[in-house]
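Worksheet: the structure to be examined is printed underneath.
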Amino acid sequence: MVAAIPEPSPRSDEHHSVNYTKPIVIFSIVVINIAVSMFQEGRAENALAELKKLSAPNSTVIREGNVMTIPSSEVVAGDLLVLNTGDQIGADIRLVTSNRLQIDESSLTGESIAINKNADRASQKTPH
């Protein structure tokens, strides 16, 4: 038979205190992480909005005798579109005049070669 007598622990009750250092550090890191994430998300949203403005297609039109650049979504029947190299056409159009016009219709037809367009041929096929 073995008998054991418990000895008092090395720390006494008068020095028993709770250490809050680790929870405070962890909580601070979480708060800083949330603040940085919110800041970055706000900047990303602003950058995306600016990119959308830049990528929104615009059209140069002659409307009521005035040349103006408007969002392509605002083109209406009766507007005359002025096309330049690299312009995207945001509407169905009928050619009035053209000079060596080639259109990349690859997104519509899958053809990799630009197609020649001529105002004379278009006016013959389209009823007046």
Task: Counted residues, the range 76-93 - those being surrounded by 10 or more Cβ atoms within 10 Å (Cβ to Cβ) and either not in a loop (DSSP other than H, G, I, E, B) or not β-branched (Val, Ile, Thr) (or both) - done: 9
Open item on the list: Could you tell me how many of the residues in the range 60-89 are at pLDDT below 85 and in contact with a Leu (Cβ under 9 Å, 6 or more places away or on another chain)?
Closed with: 3
TODO: Go through the range 51-83 and count every residue that is hydrophobic (A, V, I, L, M, F, W, C) and touching a residue at least 24 places away in the same chain (Cβ under 8 Å).
DONE: 0
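The values are calculated or read from the model by the stated rules, or taken from the named source; none is laboratory data. Since we're looking at a predicted model, the values are computed, not measured. When we count neighbours, we look across all protein chains shown, and the Cβ atoms used for this are built from the backbone with ideal geometry, even at glycine.
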